[in-house]
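See below for the structure under consideration.
The values are calculated or read from the model by the stated rules, or taken from the named source; none is laboratory data. Being a predicted model, the structure only gives us computed values, none of them experimental. Glycine gets a Cβ as well: all are built from the backbone with ideal geometry, and neighbour counts include every protein chain shown. Accessible surface is based on the protein model in full, side chains and every heavy atom, while ligands, DNA and RNA are left aside. Shrake-Rupley method; radii C 1.70, N 1.55, O 1.52, S 1.80 Å.
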4 protein chains.
Amino acid sequence: MKKSLSLLALPAALLAAALPAQAQVPVANRAITQAEVLAAQTGWCKALLDIGAAHVSGGQPAAKALAEKVIDAAYGYQLGPVLFKPTLTVAPQTFRTTRAGALAYFVGGDAAFPKDDGFALKGWTRCEVSNSAIFIAGDSASTQGNVSFTGKDGKVTTVDKTWSYVKDDAGGLRIVVHHSSLPYAPR
Amino acid sequence: MKKSLSLLALPAALLAAALPAQAQVPVANRAITQAEVLAAQTGWCKALLDIGAAHVSGGQPAAKALAEKVIDAAYGYQLGPVLFKPTLTVAPQTFRTTRAGALAYFVGGDAAFPKDDGFALKGWTRCEVSNSAIFIAGDSASTQGNVSFTGKDGKVTTVDKTWSYVKDDAGGLRIVVHHSSLPYAPR
Amino acid sequence: MKKSLSLLALPAALLAAALPAQAQVPVANRAITQAEVLAAQTGWCKALLDIGAAHVSGGQPAAKALAEKVIDAAYGYQLGPVLFKPTLTVAPQTFRTTRAGALAYFVGGDAAFPKDDGFALKGWTRCEVSNSAIFIAGDSASTQGNVSFTGKDGKVTTVDKTWSYVKDDAGGLRIVVHHSSLPYAPR
Amino acid sequence: MKKSLSLLALPAALLAAALPAQAQVPVANRAITQAEVLAAQTGWCKALLDIGAAHVSGGQPAAKALAEKVIDAAYGYQLGPVLFKPTLTVAPQTFRTTRAGALAYFVGGDAAFPKDDGFALKGWTRCEVSNSAIFIAGDSASTQGNVSFTGKDGKVTTVDKTWSYVKDDAGGLRIVVHHSSLPYAPR
């Protein structure tokens with residue numbers, strides 16, 4: 001994934017070079033591209049590890065401060081409820097439609113969400129996305145596939161994950177749907 | 001759900017009555033409304049029970065024939081890959097991006113998907129949707145919440161479910177994202 | 001137009017009353033409705049007359065100050081170039097893709113746009129929209145039809161007008177396409 | 001225009017080459033790209049000249065037959081009313097929200113539109129687009145600028161033109177807004 005993303009930078013430059021005429025026409029583009037979606041996924045993984053690193057160096061308060069920034073930048077709680085079903089939540093707090101619910105899930109420490117112990121604080125050392133398919137509707141885009149988290153002990157936890165993004169007025173992608181679940185385990 | 005949907009019909013009629021001037025302006029509307037989303041959910045539940053009923057009366061071939069119609073009418077496989085993670089699938093066939101994979105999940109009987117025994121053939125007697133939140137992006141709309149299936153023995157199975165829809169050229173909603181999972185069960 | 005808009009308020013209240021169950025589900029809605037489009041049109045007409053009134057009471061500076069507020073609230077220059085072809089502009093300044101170009105058109109007084117004498121300062125006493133058709137694409141919506149401006153002398157000027165709107169993150173409609181032209185006059 | 005479009009083909013090939021990993025992930029893309037918009041514009045100009053050529057070789061019936069194909073392929077009348085204000089129409093038939101109205105404008109010969117003598121039959125030898133700006137909303141995209149038509153006598157007629165497109169289920173762009181007008185001529 002990382003490899004293909006670094007390659008992505010190349011054609012962008014070439015594209016600009018090949019479009020001298022178009023460069024002169026002002027263009028506003030609110031459509032979402034595949035490259036933007038892949039960058040958002042990579043960014044999510046990096047942010048998760050960064051919050052864990054902040055936890056190691058600065059404790060839960062540092063992790064919480066960073067998680068707030070991440071949520072405010074990468075999720076769409078400013079736009080309304082976010083459809084967020086984290087991997088490890090249970091009823092009656094399964095769905096985290098509010099910013100507070102998302103924050104509690106990632107870093108814990110919120111008495112209103114007593115079962116949350118902080119998914120980002122579990123010491124993940126690696127986070128990788130493997131998409132099954134991508135659907136770009138225009139002003140929204142969705143991905144589905146696996147995300148694999150590697151723990152301190154090297155154990156890999158793989159989840160099934162769906163994300164949907166919209167583009168905000170500043171041109172950034174925001175997660176407005178996030179459904180994560182452990183694989184079905186038939187008994 | 002059924003109750004609120006029957007009420008929905010009322011304001012629609014009133015709206016038309018209150019808008020004589022607007023009625024004369026031709027309008028094309030490709031945006032998705034909340035009422036359309038709720039109707040699509042109700043339709044999905046009804047179709048699931050109908051496929052089960054076809055199974056009882058006509059066997060797997062009848063169920064399969066109906067399931068094909070349902071998938072062709074309610075999912076977006078004509079538009080490209082569908083991001084479909086059914087409740088009970090496992091790797092390496094977790095994600096059903098193709099029509100064949102969806103069909104196998106609902107009615108089984110496909111040697112290419114040997115673990116599928118037909119989710120729609122399990123004798124469900126009731127299917128109910130309880131939304132946690134809805135996000136309408138414009139040309140797409142997403143819901144997240146619980147869907148509860150009642151079995152022949154009266155036992156209720158509740159899943160966490162995300163659906164995203166787009167509107168096709170004929171004005172119908174099509175599922176392009178479907179992520180279903182059993183609730184997380186902490187040990 | 002004004003009549004049908006006041007009627008519009010009625011079904012909205014009824015709709016809310018008829019949807020007690022839905023009222024409990026948080027909903028984000030970025031789709032554009034017909035009612036929002038009609039309100040935006042009425043708002044544009046009102047703003048034009050208001051700028052004219054500000055001109056009468058406070059001179060060009062007052063008109064300009066109000067026009068800046070109107071443009072910042074109703075057009076999409078924050079989002080990128082706006083596709084604005086005003087009624088009375090000529091080459092090489094026909095198209096006003098920038099905020100400065102729009103402002104000059106409405107209130108004049110900009111040496112960079114020497115032919116602009118301020119369309120909003122012409123003493124209009126009435127502005128009415130008559131739509132030919134409306135196309136709602138989802139995250140954008142377009143209208144086309146006539147807009148009639150009544151002058152101080154009672155003379156009515158009718159133009160052919162197209163507007164397209166997008167919805168911003170705060171839920172407001174913004175004009176991103178505006179094409180206005182005098183009717184074709186065959187010789 | 002033609003030159004920049006042939007250059008466009010280059011980066012597309014490079015992009016594919018640079019994305020081996022992505023090539024394996026199925027992607028549905030309903031967003032509109034700048035390249036698709038430019039191709040649709042070039043296609044419109046070509047179709048206009050082609051209809052004129054059909055007129056020369058096969059008379060009005062041949063021109064009409066081709067115009068019907070062009071309209072059915074390039075406009076959105078299947079989706080609802082099209083917001084079409086042609087250059088040379090007058091009230092009460094200024095706006096051509098129906099397919100019949102568009103057809104009459106391009107090739108004439110319809111008693112219901114007595115003033116239409118067929119814009120495509122005027123012997124144009126060249127048609128060129130010069131965009132002022134482009135706004136891509138996601139599932140719709142708009143352009144505004146000049147289109148220049150060269151007549152048999154070499155005289156060039158330039159119009160101000162706005163087009164908006166949506167993408168249909170088959171992935172093709174369709175014109176749903178078209179506003180064309182002669183430049184304002186101050187007296």
Restricting to region D:94-112, give me the number of residues that are open to solvent by 20 Å² or more (accessible area, probe 1.4 Å) and farther than 17 Å from D:VAL82 by Cα.
4
Flag if B:ALA35 is crowded, with 22+ Cβ neighbours inside 10 Å, under 18 Å from the mean Cα position of the chain (by Cα) and either modelled with pLDDT of 95 or more or within 14 Å of chain D (Cβ to nearest Cβ) (or both)
no
Out of (1) more than 14 Å from the chain's Cα centre (by Cα); (2) part of a helix (DSSP H, G or I), the one A:LEU88 does not meet is (2)
Every residue in region C:175-187 that is under 22 Å from C:ALA35 (Cα atoms) and at the interface with another protein chain (Cβ under 7 Å from one of its Cβ atoms), please.
C:VAL176, C:VAL177, C:HIS179
So in region A:96-105, with the set limited to residues that are among the small types (Gly, Ala, Ser) and over 15 Å from the mean Cα position of the chain (by Cα), which one is farthest from the other protein chains (Cβ to nearest Cβ)?
A:ALA104
Out of C:GLY172, C:GLY145, C:GLY108, C:GLY123, sole residue that is within 12 Å of another protein chain (Cβ to nearest Cβ) and either out of contact with any strand residue (DSSP E or B) (no Cβ under 6 Å at 6 or more places or on another chain) or among the acidic types (Asp, Glu) (or both)
C:GLY172
Can you tell me which residue within region C:143-171, out of those that are open to solvent by 10 Å² or more (accessible area, probe 1.4 Å) and among the hydroxyl-bearing types (Ser, Thr, Tyr), is farthest from C:LEU83 (Cα to Cα)?
C:THR150
Among the residues of region D:23-55 satisfying the criterion of being part of a helix (DSSP H, G or I) and free of Cβ contacts under 8 Å to residues at least 24 places away in the same chain, which is nearest to B:PRO81 (Cα to Cα)?
D:ALA23
Where in region D:103-187 are there strands (runs of 3 or more DSSP E), lying fully within it, with 3 or more residues that are at positive phi?
none
List every residue pair whose Cβ atoms lie under 9 Å apart, where the two residues are 6 or more positions apart in sequence or sit on different chains, the first residue falls within region C:73-95 and is at positive phi and more than 8 Å from every other protein chain (Cβ to nearest Cβ), and the second residue, located anywhere, is open to solvent by 40 Å² or more (accessible area, probe 1.4 Å) and in a loop (DSSP other than H, G, I, E, B).
none
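Can you find a residue that is part of a helix (DSSP H, G or I), among the small types (Gly, Ala, Ser) and in contact (Cβ under 8 Å) with a residue 40 or more places away in the chain anywhere in region D:56-64?
Quick first cut of region D:56-64, residues part of a helix (DSSP H, G or I) only: D:56-64.
From what is left, the residues that are among the small types (Gly, Ala, Ser) are D:57-59, D:62-63.
Next, only the ones that are in contact (Cβ under 8 Å) with a residue 40 or more places away in the chain stay: D:63.
Among the residues of region D:56-64, at least one is part of a helix (DSSP H, G or I), among the small types (Gly, Ala, Ser) and in contact (Cβ under 8 Å) with a residue 40 or more places away in the chain, which makes the answer yes.
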Given the criterion touching a residue at least 40 places away in the same chain (Cβ under 8 Å) and small (Gly, Ala, Ser), identify the matching residue among D:GLY101, D:GLY154, D:GLY118.
D:GLY118
Which condition does C:LYS115 not pass, out of (1) exposed (fewer than 15 other Cβ atoms within 10 Å of the Cβ); (2) charged (D, E, K, R); (3) within 14 Å of chain A (Cβ to nearest Cβ), if it passes all the others?
(3)
